[in-house]
Amino acid sequence: MKRIVLLAALLLLNPACKRTAQEVVVYTSVDQVFSEPIFKEFERKSGITVRAVFDTEETKSTGVLNRLIAESQHPQADVFWANDPVRPFLLVKRSLAQPYLSPSAADIPATFRAPDGTWTDFAARARVLLVNKKRVSPAEMPRSIRDLSNPRWKGQTAIANPLFGTTTMHIAALFTMWGEEQARAFLTALRANNARIVSSNGEVKRLVATGETAFGLADTDDGFEAVKEGAPVEVVYPDQEGMGALVMPTSTVLVKGGPHPETGRKLVDYLLTPDVERRMAESAAHMPLRPDVPVPPGLKRVSDIKAMQVDYARVATDMERIEPWLRQWVGL
Amino acid sequence: MAEAVGRALRRALLRREQMLVLSAAGAVVLLTSALPLARLLTEIPGAGAAALSVLSAFRPWLLLIRSLMLAAAVTACAIAIGVPLGLLIARTDLPGRRALWMVHAFPMFLPPFLLALGWFQLFGREGFLGGEVTARLLFSEVGVVAVLALTFSPVVTSMMALALLGMDASLEEAARVAARPWRVATRILLPAARPALALAAIVVFALSVSELGVAMFLRVDVFPAAVFARLGGIQYAPGEAFALVVPLMPVALALLFLERRLVGAGSFAVAGLRGMSRAPIPLSGWRPAIAAGSWSVAAAGALPLAALALRAARGGGFGKLPQWIGQAPWTSIGTAVVAATVIAAVGLVLGHGAARRLRGASTLDALAVLAFVTPASVLGVGLIAVWNRPATSALYASVAILVIGYIARYAVVGIRAVASVVLQSAVHLEEAAAAAGARFWRRLVRIILPVNLRGIAAAWLLAVVFCLRDFETAVLYYPPGREPLPVRIFTLEANGPPPVVAALAVAHVLMTALVLAAGVLLVPRRRPE
């Protein structure tokens, strides 16, 4: 028994358990593979240790948000870096966002900043159709998300579970844009068309890349990754002749009552710099909101595409409102 | 005067020693397992009509039935694989049976999600052996049952083998004088090992019914997913989630009842008498064919691990490990060892109490079972509600919360494992010590612990491995920057390069293998008879 206790003591005294005076706690739904290198760079430049909580693919966007809500009586996080612009409104609604006008955000277009500083957007993604070029000829290439319910593609399309991730926001945005009746009819048609409801956007990418489905709805970074991996995938920005593609900037929020407000502000300042937007464009195919940040070949800017004109605050309200119906639609 | 009071107090404490020791162990279970569940119970009235309407809807009940049916199918398949293998390993001259046991048993020590990831590398549409048909089968109820049955069948195999190895040889030897091997196996060995089989079946059923990761990955809707959708989904609704736990309570109680009836009452053998002294049953001419069949089953269980290793090697994943692995292995091992030590200590007191039917021990045992079958996400949210307070902030924000969570979920492993060990040991030593005036604590430390040391050490090792393989509990509240390795694997799985994710999975496999090897060295060896 002595040996066991000694071993345990040694293991718990390992470097992982060290606490430093200068630290910041960040909860993020931005993929760990992209966000962690940025935190490491911040650590290197500032000397502040970043302690992060990440989401899994299956709980993307909602896992850490729900943790923030669960911990609201005694917040543990200093900063929330959301992978979409809607979740911050859920924190604002619960008075969990601390207003902060970061000097780094001065050159970000005003529509992407809360006037009171409760949230600030940067590096964006768009919702796109990933199409397997081996299964779909150029003549039949889908152009609208309505093609997901086209009987021509019955049983050959996929979307991620709309209870989680950016798909939630997309569906809510459709309710905001089209109204209740049209949006419900579209989702019912999707069901009738045997669209596969899979665990995540990453899974949609996998299915399309391997040709298991002809096309599916995912995010620009999924498409960029698939192309980078050499998969026969074409990224289609949907509804460019119609309502436009849904653009989703990532968003930063300073958490009210967080344990390290000072270092929290420093991390927000760092995340909102043009350099981080450039890095997110290069590593994660996120479109910069600033017009002068360079983008890698193949990646479009927000100004290059027709974006869906939708009020994110209304989308947030609709998202909570449609949740029970959506859960029924999914079957949970 | 003070001396007299001190003496009186000491006498009073000694009189209540058994109660105090049981209470201390019980307090650990109550604080870690029961308190979070009780805290969530208070959420139901707040959730009001919504919580009740969840239970009045048809869909959750349908999912519950589906989950129970899937768990039953997994259990049946695990028994079909595990019973013959356990018998072959423990009682026959099968070549390489110890190695076979190790290869076959190893996958059960890994997170099932990780094995599903390996099967996907093999049988996904673009997998090493994959095609459209294999992918369809994998992403279906058939796939879930197959993955879980192969993962959990070693539980049956191992419990059967351990029971048969520990069995008194005299019955079997008497039967072998007159009967053929098949008759000895079916009429003597299998009936004698029935309690072990029942326990194994209950464990496999409980593990399968609460498993979320594999079903979610393979896109099969199950009951724990309905609970999870209310905690990890759009709307945070812990009241509704907990309302959904209510139907699981009869399931937990039924499992407990079955366990008591089939296992507790049927203590079948006394270990340490003549357990190992028999000659193995010869397989004769069937030996090569049976060996080939047995090794194929063991190899099938290890296939997904080979697939992960191959994916990692081909994509250069191992080279990138230092960049991505972080401190996660240290966090995993450190917290698992500490939690398992507490679990073993609690198991010693309450497991012994449950086996000897001491007052209160059975109730605490039942609570631990409930915490085990409750979906991990519910327990996790309860833990946040209880421990995220200013007074306990130091614990909540540190790795201590991982230890607390592991104890909450896996206390049952220590209690049940020790109970089954104590049930098989002779009670007369304890009775003799009590008659000679030894009090409870002294009997516990000087008699029960040394007599059952090997079994208790095995329970500790089992608890370490359960904590190491945990993903679903820890993912909800792991301390920032201190995630255990399974959590790191699955957070990186989101758009992370597949070879790196596969390499991390292989690192987890190696870590578990090393811990098991070190644990086996630490577990005291059986004394020669």
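Only the Cβ atoms of Lys and Arg (+1) and of Asp and Glu (-1) were treated as charged; on that basis the dipole of segment A:89-150 about its Cα centre amounts to roughly 420 debye.
Legend: residue pairs A:133/A:300; A:40/A:266; A:228/A:300; A:40/A:205; A:45/A:266, Cα-Cα distance threshold 22 Å; pairs beyond threshold, A:40/A:205. Under the combined filter of DSSP loop state and at most 10 neighbouring Cβ atoms within 10 Å, segment B:357-409 retains these trypsin sites (Lys or Arg not before Pro): B:357, B:359. Using R₀ = 45 Å, calculate the FRET efficiency as 1/(1 + (r/R₀)^6) where r is the Cβ-Cβ separation of residue B:187 and residue B:392; round to 0.05. The formula returns an efficiency of 0.20 here. In chain A, the longest principal axis of the Cα atoms and the axis of helix A:274-284 are about 60 degrees apart. Counting Cα-Cα pairs of segment B:381-529 in 5 Å increments starting at 0 gives whole-percent bin shares of 2, 8, 13, 14, 15, 13, 12, 10, 6, 4, 2, 1, 0, 0.
State whether segment A:161-208 is rounded, prolate or oblate according to the following rule on the C-alpha gyration tensor (a ≥ b ≥ c being the square roots of its eigenvalues): a/c under 1.5 gives rounded; otherwise a/b larger than b/c gives prolate, and the remaining case gives oblate. Oblate, since a/c reaches 1.5 and b/c is not below a/b. For segment B:113-123, 3J(HN,Hα) computed residue by residue from phi via the Karplus equation (6.51, -1.76, 1.60; θ = phi - 60°) reads 4, 5, 5, 4, 4, x, 5, 5, 4, 8, 10 Hz, glycine and proline entered as x. When the alpha-carbon atoms of segment A:91-161 are used, the pair Rg, Dmax equals 19.9, 51 angstrom.
Computed over segment A:42-170, the quotient of the alpha carbon radius of gyration and 2.2 N^0.38 Å is 1.37.
Overall shape: prolate for chain A, with the ratio a/c of the largest to smallest alpha carbon gyration tensor axis at 1.5 or above and a/b above b/c.
Rounded to the nearest 10 degrees, the inclination of helix A:32-46 to the longest alpha-carbon principal axis of chain A is 30 degrees.
Kirkwood radius, the protein assembly as shown, all distinct C-alpha pairs, inverse of mean reciprocal distance: 28.5 Å. Shape descriptor for segment B:158-221: Rg over Rh equals 1.25 (Cα atoms; Rh from the Kirkwood inverse mean 1/r).
Look at where the Cα atoms of segment A:265-283 and of segment B:51-120 average out, and the two centres are 46 Å apart.
Dividing the summed helix terms, -39500 (n - 2.57) for each DSSP H run of n ≥ 4, by the number of residues in chain B produces a 222 nm estimate of -22000 deg cm²/dmol to the nearest 500.
Between residue A:144 and A:239, the built amide H atoms are under 5 Å apart, and every one of these is 5 or more places off in sequence or on another chain. Over 21 Å apart: what share of the alpha carbon pairs of segment B:297-417 falls there, rounded to a whole percent? Distances greater than 21 Å cover 59 percent of the Cα pairs. Applying 1/(1 + (r/R0)^6) with R0 = 35 Å to the Cβ-Cβ distance of residue B:314 and residue A:309 gives a FRET efficiency near 0.15. Remark: relative contact order (segment B:413-460) = 58 percent; criterion is Cα-Cα distance under 8 angstrom and separation of 6 or more residues.
In this simple spin-label model, placing a label point 7 Å from the Cα along the Cα-to-Cβ direction at both residue B:142 and residue B:296 gives a separation of 1.8 nm.
Shielding by partners for peptide A:63-69, expressed as the average number of C-beta atoms from other protein chains within 10 Å of each residue's C-beta, is 6.
If you average the alpha carbon positions of segment B:149-170 and of segment A:158-224, how far apart do those two centres end up, in angstrom? When both Cα centres are located, 46 Å separates them. For segment A:152-256, the set of GluC sites (Glu not before Pro) satisfying both a DSSP loop assignment and a count of at most 13 other C-beta atoms within 10 Å is given as A:229, A:241.
Would you please classify the overall shape of segment B:50-185 from the alpha carbon gyration tensor, given that a ≥ b ≥ c denote the square roots of the eigenvalues, rounded means a/c under 1.5, and beyond that prolate means a/b larger than b/c while oblate covers the rest? In terms of gyration-tensor shape, oblate. Of the residues B:516, B:247, B:138, the one whose Cα sits farthest towards the positive end of the charge dipole of chain B is B:516 (charges of +1 on Lys and Arg Cβ, -1 on Asp and Glu Cβ, taken about the Cα centre). Note on segment A:127-171: percent of Cα-Cα distances in each 10 Å bin, starting at 0 and stopping at the bin with the largest distance, equals 23, 54, 21, 1. In percent, rounded to a whole number, the relative contact order of chain B is 23, using alpha-carbon pairs under 8 Å and six or more apart.
Distance between the modelled labels on residue A:133 and residue B:98, one decimal in nanometres: 5.8 nm (7 Å Cα→Cβ projection).
Modelled spin labels at residue A:43 and residue B:435, positioned 7 Å past Cα toward Cβ, are 6.4 nm from each other. With 10 Å bins beginning at zero, the pair-distance distribution over Cα atoms of segment B:53-121 amounts to 16, 29, 30, 16, 7, 2 %.
With R₀ fixed at 35 Å, the C-beta to C-beta distance from residue B:24 to residue B:510 puts the FRET efficiency at about 0.40. A dipole drawn for the protein assembly as shown from +1 and -1 charges on Cβ atoms has a positive end, and of B:463, B:480, B:285 the residue lying farthest that way is B:285. Note: segment A:150-229, Cα convex hull, 86 Å³ per residue.
Each residue of chain B gets 173 Å³ once the volume of the Cα convex hull is shared out per residue. Using C-alpha pairs under 8 Å with a sequence gap of at least 6, the mean separation divided by the residue count of segment A:121-218 gives a relative contact order of 46 percent. Summarising the amide proton neighbourhood of residue A:98: residues at separation of 5 or more, or on other chains, whose placed amide H is nearer than 5 Å comprise A:254, A:255, A:256.
Each value in this text was obtained by applying a stated rule to the coordinates, not by laboratory testing. Since we're looking at a predicted model, the values are computed, not measured. Heads up, the Cβs are rebuilt from the backbone with ideal geometry, glycines too, and the neighbour counts pull from every protein chain shown.
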